[in-house]
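Colleague: Shown below is the structure under consideration.
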Amino acid sequence: MLSEKDLTYPEALRILEQEESKRDLTNIERYTLEYLRKFSKIGDPAKAREAVERLVKELDIPETIAVQLVNVKPSDVSEVRVFLATLNKVFTEEELKKIIEILSSTE
């Protein structure tokens, strides 16, 4: 392993699809690919990464949590709060709405 990085579902999907075109995937890779095809809510890996970067930069959300927000793409403030509950920061209603706005911009 050269490095480690949290990936969004669309980024992981792209990597596995590229690998699938080059070689036979292992069972776990195939199961993961099927899962990602089924549950990835964003089609464009670049838009997903941009949303992660915006969440980190504009709202000071750790990248790991930003990636999970992008992967699940919650649609209301109460769902967003679940992801932020572990942070030692209180987010305003305006900030929570901004998160929803950023996630919605990936469509």
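What follows draws every value from the coordinates through simple rules; no lab data is involved. Here the structure is a predicted model, which is why all the values come from computation and not from measurement. Neighbour counts run over all protein chains shown; Cβ positions are idealised from the backbone, glycine included.
Colleague: How far is helix 45-59 tilted, in degrees, relative to the longest principal axis of the Cα atoms in the chain, given as a value from 0 to 90 rounded to the nearest 10?
Modeller: Around 30 degrees separate the two axes.
Colleague: Okay, next question. Taking R0 as 25 Å, what's the FRET efficiency between GLU107 and ILE28 from their Cβ-Cβ distance, rounded to 0.05?
Modeller: Given R0 = 25 Å and the Cβ-Cβ separation, E is 0.25.
Colleague: Label points 7 Å out from Cα along the Cβ direction at THR64 and THR92: separation in nm?
Modeller: 2.8 nm
Colleague: Here is a follow-up. List, in the order given, every pair from LYS47/LYS97; LYS47/LYS89; LYS41/LYS97; LYS22/LYS47 whose Cα-Cα distance in the structure shown is over 23 Å.
Modeller: LYS47/LYS89; LYS22/LYS47
Colleague: Same structure, new question: Along the positive direction of the dipole of segment 12-60 (beta-carbon charges: Lys, Arg +1; Asp, Glu -1; about the Cα centre), which of ALA12, LEU36, LEU59 reaches farthest?
Modeller: LEU36
Colleague: Using θ = phi - 60° and the Karplus form 6.51 cos²θ - 1.76 cosθ + 1.60, what ³J(HN,Hα) does each residue of segment 102-107 get, whole Hz, x for Gly and Pro?
Modeller: 4, 5, 5, 6, 7, 7
Colleague: Next question. Using DSSP to call loops (not H, G, I, E or B), can you name the trypsin sites (Lys or Arg not before Pro) in segment 1-91 whose Cβ has at most 16 other Cβ atoms within 10 angstrom?
Modeller: Of the trypsin sites (Lys or Arg not before Pro), the ones in loops of segment 1-91 whose Cβ has at most 16 other Cβ atoms within 10 Å are LYS5, ARG23, LYS41, LYS89.
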